[in-house]
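This report refers to the structure that appears directly beneath it.
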Amino acid sequence: MLCSKYLSVSFLLLSLSLHAVNCADPLYHFCFSQENFTANSPYGTNLNGLLNLLSTKVPSKGFGLSSTGQGQDQANGLALCRGDVSKTNCKTCVVDAGKELGDRCPYKKGAIIWYDNCLLKYSNIDFFGEIDGKNKFYMWNVQDVENPTSFNPKVKDLLSRLSNKAYANPKFYATGDLKLDSSSKLYGLAQCTRDLSGLDCKKCLDTAISELPNCCDGKRGGRVVGGSCNFRYELYPFVDA
């Protein structure tokens, strides 16, 4: 996996930070629930069971969702691994994500975390099948392209084609490239969580792509990353063949 320096902005928290992204480190997280639980409570027990279940269920297909418990103590969660990630690395990522959220969002009933290889989300509220438009952040390369006027439309064109390709794919995942000139290409990825319908996957991606001017105008690489879908583009290959 390849990583580079990015500027990250969460427009939920409206905070800016410049950092080097380590491939093994989380990209971002939110502790989005205002409700807490105690360590030995029914919800805490159900959450632990949910995380164990997801770490077992998700790697074989790259995606999974589950609920444990009942009523107000029910824990609902899903995990998604990037489409090119191996089963072994997928499992490692999901396990690490659960542990990391325990440290970063202790005793919160709802939280989400993203890595390069996966995302993990859980809540006491059933969120399956709904587009998550709240938990979202931007990342972009700190370097600018030489000619943004011609570059920006090509980024949008590639990502729009990948949106159409992803929502028609059973795995809601697509990668591709676009030739810029004789010596360079633009590479892209689009992916949705598979609890969505195909049309909602496209809607989620198209909405994310519409945010390109806010996120990545004239930047050599960028991402819009959310709880239901994400895209990324770079001037170098960043997925495994």
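Overview of results
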| read-out | value |
| --- | --- |
| All positions within the stretch 93-116 that are farther than 16 Å from GLY227 by Cα, touching a helix residue (DSSP H, G or I) at 6+ places or on another chain (Cβ under 8 Å) and of a type in the set (A, V, I, L, M, F, W, C) | VAL95 |
| Any pair with Cβ under 9 angstrom, 6 or more apart, that starts in the stretch 123-140 at a residue that is under 15 Å from ILE113 (Cα atoms) and ends at one that is of a type in the set (Asp, Glu) and part of a loop (DSSP other than H, G, I, E, B) | LYS136/GLU211; TYR138/GLU211 |
| Residue in the stretch 205-220 that is open to solvent by 10 Å² or more (accessible area, probe 1.4 Å), out of contact with any Ser or Thr (no Cβ under 9 Å at 6 or more places or on another chain) and part of a strand (DSSP E or B) present | yes |
| Tally of residues being open to solvent by 20 Å² or more (accessible area, probe 1.4 Å), more than 15 Å from CYS216 (Cβ to Cβ) and of a type in the set (Gly, Ala, Ser) across the stretch 151-192 | 5 |
| Answer from LYS61, LYS57, LYS87 - the residue that is surrounded by fewer than 19 Cβ atoms within 10 Å (Cβ to Cβ), under 20 Å from ALA166 (Cβ atoms) and more than 16 Å from the chain's Cα centre (by Cα) | LYS61 |
| Strands (runs of 3 or more DSSP E) enclosed by the stretch 1-54 - at least 3 residues per element that are at pLDDT below 95 and farther than 22 Å from ASN76 by Cβ | 5-10, 15-20 |
| Residue satisfying condition, being under 21 Å from LYS61 (Cβ atoms), among the aliphatic types (A, V, I, L, M) and at pLDDT 95 or above, within set LEU189, LEU178, LEU199 | LEU189 |
| Members of the stretch 117-141 found to be in contact with a Phe, Trp or Tyr (Cβ under 9 Å, 6 or more places away or on another chain) and either in a loop (DSSP other than H, G, I, E, B) or of a type in the set (Phe, Trp, Tyr) (or both), listed by number | ASN124, LYS134, ASN135, PHE137, TYR138, TRP140 |
| Output for the stretch 181-201, where each listed residue is in contact (Cβ under 8 Å) with a residue 40 or more places away in the chain and in a strand (DSSP E or B) | SER184, LYS185, LEU186, TYR187, GLY188, LEU189, ALA190, GLN191 |
| Count of residues meeting criterion [charged (D, E, K, R) and outside any strand (DSSP E or B)] in the stretch 221-241 | 1 |
| Residue count for the stretch 120-140, restricted to those that are among the β-branched types (Val, Ile, Thr) and under 30 Å from GLY221 (Cβ atoms) | 1 |
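The values are calculated or read from the model by the stated rules, or taken from the named source; none is laboratory data. Quantities reported herein were computed from a predicted structural model and do not represent experimental measurements. All Cβ positions, even for glycine, are placed from backbone atoms using ideal geometry, and neighbour counts span all protein chains on display. When the accessible area is computed, the model is the full protein with side chains, heavy atoms only, and any ligands, DNA or RNA have been set aside. Shrake-Rupley method; radii C 1.70, N 1.55, O 1.52, S 1.80 Å.
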